[in-house]
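What follows is a single structure, written as structure tokens, with notes after it.
The values are calculated or read from the model by the stated rules, or taken from the named source; none is laboratory data. It should be emphasised that the depicted structure is a prediction, and the values quoted were computed from it without experimental measurement. Note that we place each Cβ from the backbone using ideal geometry, even for glycine, and neighbour counts take in every protein chain shown.
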């Protein structure tokens, strides 16, 4: 499992999450992202995470010839340069979904997006290495990390391109307090969409 709570989760959130071993490549194992299109593999003297299997570069990399992918020291592509992130780590084992996620809104966020609050339960499906959650009681809202996006979002379908509420980092769990903000975007809290833009709101997401 690849996880980050800082820069990599802001720039490359969709590259993280749970990976499952898929076979052998260039004499070493390779892994496929659960519910996503990214691969973790070794090629040309480096370990790479890319959405194109076998490519010589990707969104995450570590120049190392070890038999197994390294646990720490990975770098991520942030803008036009490679950056380090001490919180970016690789660990063995599966990612356990939250049994229930509670979304609570207050103030302006509740007035605009009050229908999105409540309890979200795991659906048993995955998106870019993270569990997908759905609002309890048959509501149509989903909580997930979407392919190509960096953070957790609440949206109408699992394939929607627009969100109603969104966080700033693609952490392993939506209940991680660090899922809310983003240094990159200059925000500290969950945001919601209104008629003007994306204001920060009084929104809590707990696992």
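Values for this structure:
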{"read-out": "Residues located in the stretch 147-163, provided they are without any contact (Cβ under 8 Å) to a residue 60 or more places away in the chain and either closer than 17 Å to residue 12 by Cβ or crowded, with 17+ Cβ neighbours inside 10 Å (or both)", "value": "152, 153, 154, 155, 163"}
{"read-out": "Residue in the stretch 71-81 that is surrounded by fewer than 15 Cβ atoms within 10 Å (Cβ to Cβ) and in contact (Cβ under 8 Å) with a residue 60 or more places away in the chain present", "value": "yes"}
{"read-out": "Which numbered condition residue 112 misses (of (1) in contact (Cβ under 8 Å) with a residue 60 or more places away in the chain; (2) under 20 Å from the mean Cα position of the chain (by Cα))", "value": "(2)"}
{"read-out": "Index of the failed condition, residue 65 passing every other in (1) in a loop (DSSP other than H, G, I, E, B); (2) modelled with pLDDT of 95 or more", "value": "(2)"}
{"read-out": "Members of the stretch 73-85 that are more than 23 Å from residue 27 (Cβ to Cβ) and touching a strand residue (DSSP E or B) at 6+ places or on another chain (Cβ under 8 Å)", "value": "75, 76, 77, 82, 83, 84, 85"}
{"read-out": "Hey, residue 55 over 16 Å from residue 9 (Cα atoms), within 18 Å of the chain's Cα centre (by Cα), in a loop (DSSP other than H, G, I, E, B) and not assigned by TED's automatic domain parsing to the domain that holds residue 171 or not", "value": "no"}
{"read-out": "Test: residue 63 is surrounded by 15 or more Cβ atoms within 10 Å (Cβ to Cβ) and without any contact (Cβ under 8 Å) to a residue 40 or more places away in the chain", "value": "no"}
